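Notes follow once the structure below has been shown.
Coordinate-derived values only; no laboratory data. This one's a predicted model, so the numbers in the text were calculated from it and none came from an experiment. Cβ placement follows ideal geometry from the backbone for every residue including glycine, while neighbour counts extend to all protein chains displayed.
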Amino acid sequence: MSDVPAKFHRQPYSFVRRGDRLTARRQKAWDTYAPTHVLEVPREVTDTSVAEGAEFDHRKIYGREAPLVVEIGSGLGEAIVHAASEHPEFDYLAVEVYKPGLADLLLKMSQAEVTNIRCIQANAPEVLDHLLEPGSVDEIWVFFPDPWHKSRHHKRRLVSPAFAEKVARVLKPGGVWRLATDWEEYALVMRDVMEAAPDFENLFPGEGATEDDPQGGWAPRWEGRTLTSFERKAGEAGRRAHDLAYRRIESNNSDSEQSPPSI
């Protein structure tokens, strides 16, 4: 019988771990910057888990109070490093399970001389459940998550009603969740999930509608998302990105709060 607690079998992982072997350049970047820029959190069972009771002290981690942007699935760090360089007034948290990707992010971060990024190697749902405080995040990004093409793997897709609830928990009232995918079928699923999520409203209702898709609701390509090598290759393969942007609806007792600043 497995020693893994039952709660770790409730939701399929949305990722598959790949090798953690680092090239010499990535290893140097990891050795140099991981001690100060990769967060250490208590683990539970796996090395990408986040134990209940983990703490995220924003001021201690970044040395200041500033709007917080979280990118889930930061890949090789192209989008978040570009944004952090363009907007030093924001703080950024990269959530990624793939160590070589985080090492590459740290390398790009050092080359760009940005200081407002921190990283965590962890499963995103557990970060949202156990690390981030309710209403503490100004924006969340999910760009080009694994589409899990095969029908039997659709349950692994990150964007789901349960995940939307987790995002809603940590986003501030008025905070924005930005999504993008280059797979049209997954884009439609994302839109369906978000349109049914009671805590969110579409920032672009009806926009981008066509005869084949009268519902619309697609966001224009967000200028804050740099064109990554992944998106460029998708375009070369004939796949176009679909963008979505949703605002966390303010509750009745938070109507007087100001919406978080937009990037």
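Quick notes
- Summing Lys and Arg as +1 and Asp and Glu as -1 over all other residues whose Cβ lies under 11 Å from the Cβ of residue 237 gives a net charge of +1.
- Whole-angstrom Cα spans of the chain along principal axes, big to small: 53, 46, 45
- Computed [θ] at 222 nm, deg cm²/dmol, the chain (DSSP H ≥ 4; -39,500 (n - 2.57); rounded to nearest 500): -8500 deg cm²/dmol
- Packing rank of 52-58, 128-134, 90-96, where each peptide gets the mean count of other beta carbons within 10 Å, highest leading: 90-96, 128-134, 52-58
- Farthest towards the positive end of the charge dipole of region 6-254, among the residues 176, 142, 101, is the Cα of 101, using unit charges on the Cβ of Lys, Arg, Asp and Glu.
- Farthest towards the positive end of the charge dipole of the chain, among the residues 209, 42, 219, is the Cα of 42, using unit charges on the Cβ of Lys, Arg, Asp and Glu.
- Annotated for the chain: lysine pairs at least 8 residues apart or interchain, Cα distance under 27 Å, count 21.
- Taking the Cα centre of the chain as origin and assigning +1 to Lys and Arg Cβ atoms and -1 to Asp and Glu Cβ atoms, the resulting dipole is close to 1080 debye.
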